[in-house]
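Undergrad: I have a structure here, written as structure tokens, and I will follow up with some questions on it.
The values are calculated or read from the model by the stated rules, or taken from the named source; none is laboratory data. Remember, predicted model here, so these are calculated numbers, not experimental data. Reconstructed Cβ throughout: ideal geometry from the backbone, glycine too, with neighbour counts over all protein chains shown. Remember, those area values only see protein heavy atoms, side chains included, never the ligands or the DNA or RNA. Shrake-Rupley method; radii C 1.70, N 1.55, O 1.52, S 1.80 Å.
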Amino acid sequence: MDRADVIILGGGLIGLALASALDSSGLSAIVVDPADPEQWKNAAFDGRTSAVSSSSMRMLQTIGVANHLPEPGCPIRTIQAADGLDPGGLAFETGEDDEPLGWMNENRNLRAAFRTRAEAGRKLWLLWKSRAVAAERSESGVMVSLEDGRKLSAPLLVAAEGRNSPTREAAGIRIARWRYDHTAIVSVLRHEHPHDNIAYEIFYPTGPFALLPMTDDAAGHRSAIVWSIRSDEAPGLLSLCEEDFAAEARAAMGGFLGDISLAASRSTYPLGFHHAAQITGKRLALVGDSAHAMHPIAGQGLNVGFRDVAALAQVLVEGARIGLDLGDQQLLDRYQRWRSLDTLMVAMATDGLTRIYGVPGRAASAVRRVGMSIIDRIAPVKDRLMAEARGTSGELPLLLRGLPI
Ligand SMILES: Cc1cc2nc3c(=O)[nH]c(=O)nc-3n(C[C@H](O)[C@H](O)[C@H](O)COP(=O)(O)OP(=O)(O)OC[C@H]3O[C@@H](n4cnc5c(N)ncnc54)[C@H](O)[C@@H]3O)c2cc1C
């Protein structure tokens with residue numbers, strides 16, 4: 001147990017995705033995380049619902065995670081973007097028989113499914129409530145010392161530690177980082193009329209209001225909200241009683257879903273951007289939020305992380321098959337080349353959207369509406385944006401095509 005092919009620091013959704021992908025192809029991994037996953041069962045731990053793109057969902061099926069989800073999630077068939085409550089805007093639609101743009105899944109269900117899959121791994125060891133106190137990366141390999149005195153070794157170290165990755169910092173990898181003056185309020189709304197599998201992005205200068213379809217439950221129709229507002233406005237909205245908060249949400253989204261009420265508690269997330277100048281070092285690779293984090297405006301952070309996982313797993317498994325050391329610089333260079341452009345493009349696109357829609361005033365709104373109506377009429381541009389939402393653009397790793405490595 002003290003030696004594996006890969007040591008993964010971080011057992012969030014991205015770390016467990018990588019562990020499961022490696023296990024599916026016969027490589028071994030040790031996952032180290034100071035957290036106690038039992039706390040994931042607490043509904044208040046992570047109240048988010050994530051848009052999992054179609055290609056990400058294919059990977060979850062291929063690596064044996066999707067079959068542990070209590071339901072496949074709610075398909076997103078249309079994304080409707082609008083500048084405030086002005087009529088018009090931009091719609092990305094798929095037919096009933098087409099693959100959906102993505103699937104909305106509650107994070108607590110994703111976490112439970114990933115954990116169950118990883119615990120069943122033949123060559124996976126999950127060290128929860130364990131902390132690495134040192135990680136030495138030398139020519140011959142990686143040695144990780146844990147707080148309790150245990151030592152682990154592997155040819156490769158992967159950091160999946162989230163935004164404030166200590167391993168990234170210790171490796172001296174520079175990042176570009178800035179804070180948005182935005183806080184996201186996340187919750188679930190119950191509504192009178194069905195959502196028809198439409199995801200709405202309603203843009204305001206103070207931040208976007210996203211309304212994301214969820215599967216109906218016994219009590220009726222539901223949608224998740226990610227309501228980005230100026231950080232100084234968050235305490236006021238959070239202090240409202242549930243009825244008043246629902247009334248504010250209804251005002252922000254318009255009345256098209258009929259009567260609404262709050263169906264879950266509210267939680268908040270400060271929003272920021274960071275992007276690592278490089279995603280590899282000596283015997284080191286970064287994945288997920290350790291490498292990049294972006295505004296949730298387009299629901300891409302987790303999906304970009306899953307793309308890191310699919311690419312890194314493929315590079316490592318193919319390298320192992322031809323007998324390479326898994327910390328070999330050639331393999332890490334291939335991973336770096338494969339992922340750098342895609343992550344930068346998505347990060348800059350989401351940052352650009354945040355800024356464009358952050359400009360207040362009627363003139364800016366008019367320009368945005370013209371822009372949206374132009375995109376709406378140019379089929380190749382729309383097709384490209386839909387491929388981005390599905391996660392099917394660029395050179396897709398095997399797992400994202402639903403193929404085992
Ligand atoms: C409001 C909001 C809505 C979002 N919606 C979407 C969406 O719809 N679709 C989408 O694709 N993305 C979405 N995202 C982004 C997505 O949630 C993140 O990109 C994703 O959760 C990152 O996962 P991760 O595993 O990389 O990091 P984390 O979830 O942060 O996990 C990091 C793990 O590392 C562990 N850790 C920390 N320090 C150490 C250490 N020193 N050693 C070992 N382990 C350590 C932590 O305990 C944790 O388990 C959203 C984000 C926000 C804020």
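Undergrad: Tell me, how many Å apart are the Cα centres for the stretch 184-235 and for the stretch 328-405?
TA: A separation of 22 Å, based on Cα centres.
Undergrad: To continue, here is another question. Roughly how big is the stretch 1-115's charge dipole about its Cα centre, with Cβ charges of +1 (Lys, Arg) and -1 (Asp, Glu), in debye to the nearest 20? Could you put the intermediate results ahead of the total?
TA: Numbers: 8 positive and 16 negative charges, 78 e Å.
For this selection, approximately 380 debye.
Undergrad: Still on this structure, please answer the following. Taking every eigenvalue of the Cα gyration tensor of the stretch 97-214, multiplying by 5 and rooting it, what semi-axes result, largest first, whole Å?
TA: With the √(5λ) rule applied to the stretch 97-214, the semi-axes are 39, 22, 14 Å.
Undergrad: Hey, another quick one. Given the DSSP H assignment, sum -39500 (n - 2.57) over each helix run of at least 4 residues in the chain and divide by its residue total; what's the result at 222 nm in deg cm²/dmol, nearest 500?
TA: Numbers: 10 runs with 133 residues, N = 405.
Result for the chain, helices only: -10500 deg cm²/dmol.
Undergrad: Among Asp23, Asp244, Asp97, which one shows the biggest mean-square fluctuation in a GNM of the chain, springs joining Cα atoms closer than 10 Å?
TA: Answer for the Gaussian network model of the chain: Asp97.
Undergrad: Say we join alpha carbon atoms closer than 10 Å with springs in a Gaussian network model of the chain; which of Gly102, Gly149, Gly15 then has the biggest fluctuation?
TA: Evaluated over the chain, the most mobile residue of the options is Gly149.
Undergrad: For the chain, give me the percentage of DSSP beta bridges that are antiparallel, rounded to the nearest 5 percent.
TA: Details: 59 of 82 bridges.
Roughly 70 percent of the DSSP beta bridges within the chain come out antiparallel.
Undergrad: Among the chymotrypsin sites (Phe, Trp or Tyr not before Pro) within the stretch 277-346, which fall in a DSSP loop and have no more than 11 other Cβ atoms within 10 Å of their own Cβ? Intermediate values should be presented prior to the final figure.
TA: Details: sites: Phe306, Tyr335, Trp338; in loops: none.
Passing both the DSSP loop test and the Cβ count: no residue.
Undergrad: Another question, if that's okay. Could you compute the FRET efficiency for Glu93 and His193, with r as their C-beta to C-beta distance and R0 at 25 Å, rounded to 0.05? Provide the component values of the computation, followed by the final result.
TA: On the way: r = 19 Å, r/R0 = 0.74.
For Glu93 and His193, the calculated efficiency is 0.85.
Undergrad: Oh, and also: With the other protein chains left in place, how much accessible area per residue, in square angstrom, belongs to the chain at a 1.4 angstrom probe?
TA: Working: 17120 Å² over 405 residues.
Per residue, the chain has an accessible area of 42 Å².
Undergrad: From Cα pairs below 8 angstrom and at least 6 apart in sequence, can you work out the relative contact order of the stretch 187-229, rounded to a whole percent? The partial results should precede the final answer.
TA: Details: 80 pairs, mean separation 19.3, N = 43.
Relative contact order for the stretch 187-229 comes out at 45 percent.
Undergrad: Here's something else I'd like to know. Just the accessible area for Leu69, please: 1.4 Å probe, Å², rounded to the nearest 10?
TA: 20 Å²
Undergrad: Next question. Out of the GluC sites (Glu not before Pro) in the stretch 112-142, which ones are loop residues according to DSSP with at most 14 other C-beta atoms within 10 Å? List each step's numbers first, then the result.
TA: On the way: sites: Glu119, Glu136, Glu139; in loops: Glu139.
Answer in residue order: Glu139.
Undergrad: A further question follows. Using heavy-atom solvent-accessible surface (probe 1.4 Å) with all chains present, what is the largest-first order of Val226, Val52?
TA: Working: Val226 30, Val52 0 Å².
The most accessible residue leads, giving Val226, Val52.
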